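Just so it is clear, none of the values below were taken in a lab; they were calculated from the coordinates. All values derive from a computational prediction rather than experimental measurement. Please note: Cβ atoms are built from the backbone with ideal geometry, for glycine as well, and neighbour counts cover all protein chains shown.
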Amino acid sequence: MHKNATLIHDVSYEELISLFEGLQNQITELKQKFEPKTPTEYLTRNELAELLKCDISTIHNWTKKGKLISYGIGNRVYYKRNEVEKALLRFNQ
């Protein structure tokens, strides 16, 4: 007998198949809903100005007006890339 063998008693073949099918359905459902978590990318003011092709003073003004949300540690200022992308407005065509 194998070291890691498991014996199943008092379970019919049909019940065992049903259990495995249920497990397979749950795994399939999890795979469909699974979204890997991506780490938050933080940008400095200079990186953001370069990304948006504008001046740092523009970044400062947009932050003061509430168009951009800034985060900081000490006297360092950062912006979350996904929030900046959400802040971009679509123009009507």
Could you tell me the relative contact order of the chain? Use alpha-carbon pairs under 8 Å, at least six residues apart, and round to a whole percent. 23
What 222 nm value per residue comes from the helices of the chain, counting each DSSP H run with n ≥ 4 as -39,500 (n - 2.57) and dividing by all residues, nearest 500 deg cm²/dmol? -14500 deg cm²/dmol
Cα-based Rg then Dmax for the chain, in Å, read 26.4, 75
Work through the residues other than Asn25 whose Cβ is under 14 Å from its Cβ and net out their charges, Lys, Arg +1 and Asp, Glu -1. 0
Sequence ranges 50-58, 17-25, ranked by mean other-Cβ count within 10 angstrom, highest first: 50-58, 17-25
Cross-link partners among lysines for Lys65, C-alpha distance below 25 Å, same-chain residues fewer than 8 apart left out? Lys53, Lys80, Lys86
If packing is taken as the average number of other Cβ atoms within 10 Å across a peptide's residues, how do 84-91, 40-47 rank, most packed first? 40-47, 84-91
